[in-house]
Structure formats: structure tokens, C-alpha cells
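Participant: Take a look at this one; I'll ask things after.
Nothing in this text is a laboratory measurement; each read-out follows from the coordinates by a stated rule. Predicted model, so just to flag it, every value in this text is computed and none were measured. So basically every Cβ, Gly included, is an ideal-geometry build from the backbone, and we count neighbours across all protein chains shown.
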Amino acid sequence: MTDHLDKTAVDIHDPLFVRDPYPVYDRLREQFPVVHSDLYGGFWLLTRYEDVKQAATNWRTYTSSVPGVTAIPVITPRTEPQLPIETDPPLHSRYRALVNPVFSSQRMDAMRPRVRTIATSLIDRLVEQGHGDLVADYAVPLSVDTLAEFTGLPKADSGRWVSWIGRMFNVRDRADGALASREFGLYIDELIAARRNDPTDDFLSLLIASTVEGHRLTDEELHAFCTVVFGAGFETTADALSVMLYWLAGHPDDRRRLIAEPHLTSTAVEEFLRFSTPIQIFGRNAAVDTELHGQPIRKMDVVALGFGSANHDPAVFPQPGTCVLDRGPNPHLAFGAGPHRCLGAPVARLELQITLEEFGRRIPDYAVAPDAMVDWKTRGDRRGLRSLPVIIRSRAGTA
Ligand code: HEM
């Protein structure tokens, strides 16, 4: 794809591109930093770090307040915005202020032992088996169970909501995606009704008790919040975990270094977030006619922010294709930038950090299973693995 790059038909979901988008990004960044693709209804793609960061921050020029535009292509056309992600300041700031306390450091501290318990019980099973799929047997259940703990989503239903969310984000079968979206919507409505009748101390109950601009949130607003938090909360984290564990499977020196120098855990977590960038691309609309690098962008044009490309921009990150465990500074955009910077970042960081610590202690040596196919996801705006079969070569004593 790099040799015969057709700028007007950059296909972010092409299987070859999805497998390794970085050679294409390198070329675009260098030669065509603002490119228009006619595919998927047409969109501009920004690939340089500074442009992506500016666009994410500058909501007056690049608005988020057009329902559905964050996904390219729009999977389920909607008229109601998802909250808080499909609003601009000042309304966005008010919604955001309402949910910020739910992600407080006190709540994170309380979560830490619970996430560790989930991680260690999954690791116990892997150690016992001596092999496993680190996506199905670790990354997905860790992020799903953590989200359930954090939000109060019933764990018993996790199979159902994981399946709905997977189908909702499947760009290849959009009719099924729309159906899944409706089914998930009905489920959320039932949950809202249940919490209104019988509040707990979970995310949804906290939202029900909150007010914005002096009024309680309506069922529609609650629904719009839940769709984002439940939908955004586990797949991205599972993707980051899967790419991190894949890198470490192939880089025993890095595994050993993290065990010998545990103080590197926090810089390593940031580096794995940069390297994987689970949300590679996120959409905006031009709010006004504008121009970037000589390209005229018209009001209402779709503009794709290339977070993945930005995080591999050599102008900001030397050796962008390598995980440098002690990289610093590391101003990555994996969680976005500006007003919509990820709300759940502390939850994701917690899971990655605990995974590094517990794998170091319990599974210091593992490798991709011989002859196994490592299966990447099929959407170019997301980056993560669908399966990661490994063998565990040595076992450390249980804690
Ligand atoms: C590694 C995991 C994650 C990554 C890479 C990620 C990435 C992102 C990005 C790039 C944005 C900004 C979107 C934009 O610019 O419009 C965002 C926003 C958001 N994320 Fe995450 N996210 C992750 C985990 C989570 C988790 C665990 C939760 C919830 C528990 C969550 C909830 C949200 C919400 C609610 C927003 C919207 C914030 C707003 O509009 O103000 N995310 N995330």
C-alpha cells in the first residue's frame, strides 16, 4: 500500500493497513499531512502530532457536537448526542464536571485491591494451564470485570454486553451493529429503571443523584452517558493490554528489565499506551471553513484525528516503533487531548500497571505459542489483538 498510495482513497480499514498502518502514516505525515479520502463518506485525515493535538484541543474549529461522527464510517446514525463526548464546551464542561468525581483518586485507590484480585485469579488459571490466550483469558475478562466493579454493571450479564459492544463496533456488518446497538440500548434502559428504584453506590446511581444546570439528568441523558462509559470502558483497555503483552512476549529483555527495575512501571505503562494507541483515529466535524497546510476544509467536513500516527511521529518520539520503557518525556495522545481527554484514563492505567506487576511476579517467562497466528483486530481506527495464544515457560512461586 505504501508504494502505490492513492491519497484520495486512503482506506483506514484495509486489512493490510490495519495490520501495520505505520509505513502509510510515515509517508502521509511527511508528504501529505492533511489528506482527503473519498471513502466512508469522505474524511480528512490529520497525521502530524502537532496538528492532531491542536485539532483535539480547538473545539471551536473542530466540533464534537455532531452525533455519531466520532466513528468513521458512522456506524449507527443518531440524532441524540452521546454524553459527554458529543458536546462542546461550555455544555461539555458542565457534563464533565458531573462525572469527574466518579473517577476521583479516592475511588481509584479503593479499586486497586479489587483489580489486583481479578488479575491474580486470571493469572492463577493461566499458570495452572501452562498456556492460554492472553486476549480471551486475560485482557478481556480483566477489563470487563474491572468495568463491572467500577460502574456496577452486573457481572452476570457481561457475556451479553461484551457481545453487543463487539457487534456495535463491527464496521463490516453495519445492520447487525445497529441491531446490537438497539439491544444494548434496551438493556441500559432496564438498568436505569432498576437503579432509580433501588440505588446503590455505583456509577449509575451516582449519576442519577447528580444535577446539571440545576436539573436532574433525564433518562435520555443517563442513557447517553452509560453508552459511552460502558462502551468505551473495556475494549480500549483490553486492546492496550493485548498489545503490551504481545510486545513483552517477544522482548524477554524488556520483561527482565521491568522485573529488575520495578520503578520503571509507570513510564512503561505510558510507553505501552503510546505504542499501542488503542483509539488510533477519532472523528470531528469542521465547525467553520478552515485551512490546514494549504488544504481547504469546509464547514461540516469530517476530520479524522490520527492519534496513532501522532503517537508515532518521529518529530516528537525518537524511535517511535520501539517501546522504550523509560521514555521521557512522553506527551502521548493515547487518551486524546483538550476538553475530551479520556475520563477513564486512571482506570486503564491501573489495569496496565497491575498487569505489569503481577505478570512480572507470576509469569516472568512466556512466549507466543509456536505456529500460533496472532490475530489483529479488523478496524483501522482501533488497535488491538483478537487473540494472543501463549505458552508459559516457567512459573514463579505463587504469592
Ligand atoms: C487504554 C484505554 C483507553 C483509551 C486508549 C482511551 C482513549 C480515549 C480517547 C482518545 C478519548 C478522547 C476522545 C476525543 O477526543 O473525542 C477518550 C474519551 C473518553 N473515555 Fe477513554 N480510553 C480508555 C479507557 C477508558 C475507560 C476505562 C473509560 C471508562 C471507565 C473511558 C471513558 C471515556 C469517556 C467517558 C470519554 C469521553 C470524555 C469526554 O468527552 O469528556 N475510557 N478515551
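Participant: Once R0 is set to 45 Å, what does the formula 1/(1 + (r/R0)^6) return for the Cβ-Cβ distance between R172 and E261, expressed as a FRET efficiency to the nearest 0.05?
Facilitator: 0.55
Participant: Run the numbers on the chain and let me know its relative contact order in percent, using alpha-carbon pairs under 8 Å that are six or more apart.
Facilitator: 26 percent
Participant: Compute the distance in nm between two label points, each set 7 Å from the Cα along the Cα-to-Cβ direction, one at H131 and one at Q106.
Facilitator: 4.9 nm
Participant: Quick one: if you stick a label point 7 Å off each Cα along the C-beta vector at M373 and Y22, how many nm between them?
Facilitator: Result for the modelled spin labels: 2.4 nm.
Participant: In nm, what is the difference between 0.36 nm times the number of residues separating I391 and L39 and their Cα-Cα distance?
Facilitator: Gain on stretching I391 to L39: 122.6 nm.
Participant: Taking the Cα centre of the stretch 7-394 as origin, work out the dipole magnitude from +1 charges on Lys and Arg Cβ and -1 charges on Asp and Glu Cβ, in debye rounded to 20.
Facilitator: Dipole of the stretch 7-394, to the nearest 20 debye: 340 debye.
Participant: Can I ask one more? If neighbour count is taken as other Cβ atoms inside 10 Å, put V52, V135, V324 in order from fewest to most.
Facilitator: Exposure proxy ranking, most exposed first: V324, V135, V52.
Participant: Using Cα centres only, tell me the gap between the stretch 146-160 and the stretch 251-267 in whole Å.
Facilitator: First find each Cα centre; the distance between them is then 31 Å.
Participant: Plugging the Kirkwood radius over Cα pairs into Stokes-Einstein for the stretch 7-394, at a temperature of 10 °C and a viscosity of 1.306 mPa s, what D comes out in µm²/s?
Facilitator: Estimated via Stokes-Einstein, D reaches 74 µm²/s.
Participant: What nm value, rounded to one decimal, do you get for the distance between R298 and D201 when each label is placed 7 Å out toward the C-beta?
Facilitator: 5.5 nm
Participant: Select from the chain the helices, each a whole stretch of DSSP H, whose alpha-carbon atoms run 27 Å or more along the helix axis and whose Kyte-Doolittle mean is at least -1.0; answer none if there are none.
Facilitator: 105-129, 174-197, 219-250
Participant: Relative contact order (percent) for the stretch 39-152, with alpha-carbon contacts under 8 angstrom and 6 or more residues of separation?
Facilitator: In percent, rounded to a whole number, it is 15.
Participant: Taking the Cα of T8, stepping 7 Å toward and past its beta carbon, and measuring to each backbone N in the stretch 19-36: which are under 15 Å?
Facilitator: Inside the label zone: 35-36.
Participant: Okay, next question. What's the tally of Lys pairs in the chain whose alpha-carbon atoms lie under 25 angstrom apart, where the two lysines are 8 or more places apart or on different chains?
Facilitator: So the count of such lysine pairs works out to 5.
Participant: If you find the alpha carbon centre of the stretch 344-375 and of the stretch 178-237, how far apart are they in angstrom?
Facilitator: Cα centroid of the stretch 344-375 versus Cα centroid of the stretch 178-237: 30 Å apart.
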